[in-house]
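This report refers to the structure that appears directly beneath it.
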Amino acid sequence: MNYILFDGPNRNNLLPFTYTRPVADIRVGILTIREKWESYLDYTTTTVTEDYLSEKFPMVEMDTNIMINASFLPNTEIITLVKELEVNQAIFKDEDVIAFCVQEGAEHDDFSKFEAIEFENDIIKIENTWDIFSKNGEAIANDFEFITKDKKSEPIPNSVNTVNPEHIFIEKGAKVNFSSLNASSGPIYIGRDAEIMEGSLVRGPFALGDNSVLKLGSKIYGPTTVGPFCKVGGEVNNSVIFGFSNKGHDGFLGNSVLGEWCNLGADTNTSNLKNNYAEVRLWDYNSEGFAKTGLQFCGLMMGDHSKCGINTMFNTGTVIGVSSNIFGSGFPRNFVPSFSWGGSKGFVTYKTNKAFEVAEVVMNRRAINFTQLDKSILEHVFEITQKYRRD
């Protein structure tokens, strides 16, 4: 059987992160959504996504295909149903389709002719940006159980203080010394060749991706995920960093999500609670206004390739688009469009030639090429976000 992940109706709710990736490649928990489905299915998936992303994330269609809504995170129960799907059958959770089976080339925008199968059990659904951090604890726990099943952790060094060590898993090549790991509130997963430097204090649930580093004296409150090839220091609370991004210095990051290739300058701080304790509103790309989140705690949403200078302060509920550069004193506004350059005193357009020069240098430092395909995706993002910028 061939499995294809599709973006579904929540794609725009997950901007700015889905400007540069399908919904399936959002990281929540230890793994990305795609990695979860592929691990459970033991099958390589392909993707139905926006046209401008489809060359980098192509779809491969076969005679019979099972289409999966990437907003849903897999579990054992749903995998059993998905694997048993036959042509013109669809699995629903309430009004939302989770998966359906079709023949190649068949129309599938009308489910009235499908046999409906109702999924009665609980399942995690990522439909808004803030779900990425607010549902991260449950996602870490599920990934931890799946990844570590029938596997043995590397030994925990004697210099490490632990609470609930049976819920701590260290992969091969990882280094942890003279730190505190408290898994009483949730599991702690340390990926291959990752490092937790001396003096770090970690309270789970927590996931540290392959080749990532917690710097000296870091303070991490779960549920927090640091994806692969990141450097993180200072204080972090209930946040998700997708990968290849740095928050390498002191400063606070709370109830926030950072995409890939981001960098927070030294002593950057995010507010995650309004002074009047009111509900946080976030920029909504659908309504092009600020929408209620239902949350009291919500910090920063930063798209891929965006960066900020030292001592930057972000107000509660700030959304930064793709490839923006923020610096200077004072609070920048709560919505900074993609390809913006400036701060509290105003913004100008960050020209693509300058942005691409930086992206190439940053990615080359990790031995990854900034390809023509990457450029074309960002050029498209530049064009479709032009309406938000005011020079």
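The values are calculated or read from the model by the stated rules, or taken from the named source; none is laboratory data. Only a predicted model underlies this, so the values are computations on that prediction, with no experimental measurement involved. So basically every Cβ, Gly included, is an ideal-geometry build from the backbone, and we count neighbours across all protein chains shown.
Ala355 satisfies every condition listed in (1) free of Cβ contacts under 8 Å to residues at least 24 places away in the same chain; (2) among the aliphatic types (A, V, I, L, M); (3) touching a Ser or Thr at 6+ places or on another chain (Cβ under 9 Å) except (1).
Just so you know, in the range 36-57 the residues that are within 12 Å of Pro74 (Cα to Cα) and buried (at least 17 other Cβ atoms within 10 Å of the Cβ) include one that is nearest to the chain's Cα centre (by Cα), and it is Lys36. When you go through (1) under 20 Å from Ile132 (Cβ atoms); (2) crowded, with 16+ Cβ neighbours inside 10 Å one by one for Phe290, which number turns out not to apply? Failed condition: (2).
So is Asp94 closer than 18 Å to Arg11 by Cα and exposed (fewer than 15 other Cβ atoms within 10 Å of the Cβ) or not?
So Asp94 fails the test.
Scanning the range 139-160 for residues that are free of Cβ contacts under 8 Å to residues at least 40 places away in the same chain, under 20 Å from Leu201 (Cβ atoms) and either loosely packed, with under 12 Cβ neighbours inside 10 Å or within 24 Å of the chain's Cα centre (by Cα) (or both) yields Asn158, Ser159.
Residue count for the range 161-178 under the criterion of being part of a loop (DSSP other than H, G, I, E, B) and either over 26 Å from the mean Cα position of the chain (by Cα) or among the hydrophobic types (A, V, I, L, M, F, W, C) (or both): the result is 4. Give me the residue from the range 200-257 that is farther than 18 Å from Asn182 by Cα and among the polar types (S, T, N, Q) and, out of that set, surrounded by the most Cβ atoms within 10 Å (Cβ to Cβ). Result: Ser256.
Residue by residue, here is whether (1) aliphatic (A, V, I, L, M); (2) under 16 Å from the mean Cα position of the chain (by Cα); (3) more than 15 Å from Ile196 (Cβ to Cβ); (4) modelled with pLDDT of 95 or more holds:
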position	(1), (2), (3), (4)
Ser212	no, yes, no, yes
Thr224	no, yes, no, yes
Asp250	no, no, yes, yes
Gly254	no, yes, yes, yes
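Quick check on this structure: which one of Ile140, Ile91 is within 19 Å of Glu38 (Cβ to Cβ), in contact with a helix residue (DSSP H, G or I) (Cβ under 6 Å, 6 or more places away or on another chain) and of a type in the set (Val, Ile, Thr)?
Numbers: Ile140 fails: in contact with a helix residue (DSSP H, G or I) (Cβ under 6 Å, 6 or more places away or on another chain).
When all the criteria are applied, what remains is Ile91.
Would you check if there is a residue in the range 220-240 being out of contact with any Lys or Arg (no Cβ under 8 Å at 6 or more places or on another chain), within 22 Å of Leu282 (Cα to Cα), touching a residue at least 12 places away in the same chain (Cβ under 8 Å) and in a strand (DSSP E or B)? Yes, the range 220-240 has at least one match.
Could you pull out every one of the strands (runs of 3 or more DSSP E) wholly within the range 299-391 that has 2 or more residues that are at pLDDT 95 or above and surrounded by 23 or more Cβ atoms within 10 Å (Cβ to Cβ)?
Values: elements: 300-302, 318-320, 340-343, 346-349.
Once the strands (runs of 3 or more DSSP E) in the range 299-391 are filtered for at least 2 residues that are at pLDDT 95 or above and surrounded by 23 or more Cβ atoms within 10 Å (Cβ to Cβ), what remains is 300-302, 318-320.
Could you grab me the full set of residues in the range 285-331 that are among the hydroxyl-bearing types (Ser, Thr, Tyr) and within 24 Å of Glu379 (Cα to Cα)? Residues satisfying the conditions are Tyr285, Ser287, Ser306, Thr318, Ser323, Ser324.
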